[in-house]
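The values are calculated or read from the model by the stated rules, or taken from the named source; none is laboratory data. Everything quoted here is computed from the prediction, not taken from an experiment. Cβ coordinates were reconstructed from backbone atoms using ideal geometry, including for glycine residues, and neighbour counts include every protein chain displayed.
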Amino acid sequence: MRLSLVRSFTRLLGVGAGMSMCAGSAAADDGPPWHEDGLTDGVQVEHRGVAGSHFDELRLSLTTTVDVGAVCDAVYPKTYPTGLERHFKKRVLIRETETDRWTYEQISVPVLSDRDYVVHTKLEIPGSTGRCAVSFASADDPAYPQAAGFVRIPVIRGRWDIFPVGDGKVSVQYRIFSEPGGGVPAFLSRGGQKSTAVDFMKIVLARAGAH
């Protein structure tokens, strides 16, 4: 029962978290090597350790025939979606520019304490250039401290890299690292984190028109 609840919780993290490239390639990566986990629902999944954390960073990748601009718009919509889909309890657009967006979000977690966080999402390279890069990371905002009855997610960070690879194909890479807070053990969360990331990637591609 405990394992099932923790995995359900880590799936919810992907709902919220649901962030310098050379042409035709992903961003440079000077971190430790990635370890392959194989294919999950057509998505290549890899993981690697993160210094100072018991949780892994994940990298997901696939190719699609959807154009770069459509995928980029699905990752970083021109208008922030304020609707309360899935397990969102609250979504607030704090401020934004053409390329940066700060938001406060609350998510409902069965049995465990609900979570909240502030996240900064940045459109680093717009899809109009023929490739796209979007990064995201947790942030602090004094106007949005941890809400009463909620556990603040201490760390969320990641990025999307979208670029053409020839023959009408586009590579989509999604990296995500998060620590859920509240003392959730890493060994109980790994399976849930992976399935959440895969599901979220598929949702984004569906928004872009992939079939």
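Numerical summary
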{"item": "Residue selected from the stretch 23-40 under the condition modelled with pLDDT of 90 or more and either basic (Lys, Arg) or in a loop (DSSP other than H, G, I, E, B) (or both), by the criterion farthest from SER195 (Cα to Cα)", "result": "PRO33"}
{"item": "Matching entry among ARG207, ARG131 (being among the charged types (D, E, K, R), under 22 Å from VAL71 (Cα atoms), in contact with a helix residue (DSSP H, G or I) (Cβ under 9 Å, 6 or more places away or on another chain) and at pLDDT 95 or above)", "result": "ARG131"}
{"item": "Candidate set: the stretch 49-69, residues that are assigned to a strand (DSSP E or B) and over 16 Å from the mean Cα position of the chain (by Cα); chosen: the one farthest from ASP167 (Cα to Cα)", "result": "GLY49"}
{"item": "Qualifying residue in the stretch 141-160 (condition: of a type in the set (Ser, Thr, Tyr) and under 21 Å from LYS202 (Cα atoms))", "result": "no"}
{"item": "Verdict on ARG115 being at pLDDT below 95, in contact with a Pro (Cβ under 9 Å, 6 or more places away or on another chain) and within 25 Å of ALA133 (Cα to Cα)", "result": "no"}
{"item": "Number of the exception - ASP41 against (1) over 16 Å from the mean Cα position of the chain (by Cα); (2) closer than 21 Å to LYS202 by Cα; (3) surrounded by 15 or more Cβ atoms within 10 Å (Cβ to Cβ)", "result": "(3)"}
{"item": "Flag if GLN193 is at pLDDT below 95, outside any strand (DSSP E or B) and in contact with a Lys or Arg (Cβ under 9 Å, 6 or more places away or on another chain)", "result": "yes"}
{"item": "The stretch 47-64, residues that are modelled with pLDDT of 90 or more and either of a type outside the set (A, V, I, L, M, F, W, C) or touching a helix residue (DSSP H, G or I) at 6+ places or on another chain (Cβ under 6 Å) (or both)", "result": "HIS47, ARG48, GLU57, LEU58, ARG59, LEU60, SER61, THR63, THR64"}
{"item": "Residues of the stretch 43-60 satisfying the condition of being of a type in the set (Gly, Ala, Ser) and within 11 Å of PHE177 (Cα to Cα)", "result": "GLY49, SER53"}
